Amino acid sequence: MNLLIDLGNSRLKWAQQAPDLWHIEAVPLDGKKDFVSLLNNAWGKITTPQKVLVCSVSTSERMQALEKWVQARWSVTPQIVRAQAEQLGVRNRYRQPEQLGVDRWVALIGARGLTSSAACVVDCGTAVTVDALSAEGEFLGGAVFPGLRLLRDSLVQGTAGIPATEGDATDCLARSTADGVAAGTLFGLAGAVERLIDEYRRTLGATTRVFLTGGDAPALAVRLRAAHTPVPDLVLKGLARIADTL
């Protein structure tokens, strides 16, 4: 069994992978809670994995704690995945390939495993990334902007009259400030993503497939008019492809 770990800014997500096993779990990350205790609760009953692969965009402190925990618990050295110039049919066209966020890189590898056609990968987490992958496997670049929580928090923190209250995003004709913030950020995010998909299709072609992943993907999917395929475990699928080569 392999343990595939996606350590993000807001969530810890993992998959147990074997020929007859694909089991996914996730827990939210709370800065007020002890991270080691979280790992004890999450993985304390997992049998010793053959391989542990980690894709992390979290803090170095959390990453070090995770490495130490895995080594102490299972005597296994985690393999830390990093962006590369080329891997598993994906070529990285970043000016400095190693500076591409590893979660974006692994998601692109996951997408390449799902299609040989051009693809647009939309990852809706703490940040939203919209990345373009050509039919030839070239990562051509992408856009990064704040996710739903950051958008809403920025309004609360940057204004005097908007309270930190959860609103209803059902209708963009909102009749309260809280609903206006909820709807404005969700509809606005959907509009931004759709504009980028349209721009990318001018380069990649009209048949470009769109893969939607990340914690806020279900909320965005409701308002996204562009045809898309939800893949909640896209980063983990990418890690699984990498694990098969190691």
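The values are calculated or read from the model by the stated rules, or taken from the named source; none is laboratory data. Bear in mind that the values here come from a model prediction, so they are computed numbers and not experimental data. Glycine gets a Cβ as well: all are built from the backbone with ideal geometry, and neighbour counts include every protein chain shown. In case anyone asks, the SASA skips ligands and DNA or RNA and just uses the protein heavy atoms, side chains included. Shrake-Rupley method; radii C 1.70, N 1.55, O 1.52, S 1.80 Å.
Q157 fails exactly one of the following numbered conditions: (1) free of Cβ contacts under 8 Å to residues at least 60 places away in the same chain; (2) in contact with a strand residue (DSSP E or B) (Cβ under 6 Å, 6 or more places away or on another chain). What is the number of that condition?
Status for Q157: all satisfied but (2).
For region 204-211, state whether one or more residues are within 23 Å of the chain's Cα centre (by Cα), in contact (Cβ under 8 Å) with a residue 60 or more places away in the chain, open to solvent by 70 Å² or more (accessible area, probe 1.4 Å) and closer than 16 Å to L108 by Cβ.
Yes: one or more hits.
Identify the residue in region 171-190 that is surrounded by 13 or more Cβ atoms within 10 Å (Cβ to Cβ) and not hydrophobic (A, V, I, L, M, F, W, C) and, among all such residues, is modelled with the lowest pLDDT.
Per the stated criteria, the residue is T177.
Please list, ordered by first then second residue, the pairs with beta carbon atoms under 8 Å, 6 or more apart or interchain, first in region 111-126 and closer than 27 Å to P28 by Cβ and at pLDDT below 95, second surrounded by 24 or more Cβ atoms within 10 Å (Cβ to Cβ) and among the acidic types (D, E).
G125/D103
Can you run down the residue pairs with Cβ atoms below 6 Å, 6 or more apart or on separate chains, where the first is in region 228-246 and of a type in the set (S, T, N, Q) and the partner is crowded, with 20+ Cβ neighbours inside 10 Å?
T229/F211
Output the residue which, of all residues in region 111-147 that are among the polar types (S, T, N, Q) and not in a strand (DSSP E or B), is most open to solvent (accessible area, probe 1.4 Å).
S116
So A143 passes all but one of these: (1) more than 30 Å from I109 (Cβ to Cβ); (2) touching a helix residue (DSSP H, G or I) at 6+ places or on another chain (Cβ under 9 Å). Which condition number does it fail?
For A143, the exception is condition (1).
Select from region 1-17 the residues that are touching a residue at least 60 places away in the same chain (Cβ under 8 Å) and of a type outside the set (A, V, I, L, M, F, W, C) and list them in ascending order.
N2, D6, G8, N9, S10, R11, K13, Q17, listed by residue number.
Residue pairs, Cβ under 7 Å, 6 or more apart or interchain, first in region 30-45 and under 19 Å from M1 (Cα atoms), second part of a helix (DSSP H, G or I) and modelled with pLDDT of 90 or more. List them.
Once the first residue is under 19 Å from M1 (Cα atoms) and sits in region 30-45, its partners that are part of a helix (DSSP H, G or I) and modelled with pLDDT of 90 or more give L39/L66; L39/W69.
Which condition breaks for V235 when tested against (1) under 20 Å from the mean Cα position of the chain (by Cα); (2) open to solvent by less than 20 Å² (accessible area, probe 1.4 Å); (3) at pLDDT below 95?
The number of the failed condition is (3).
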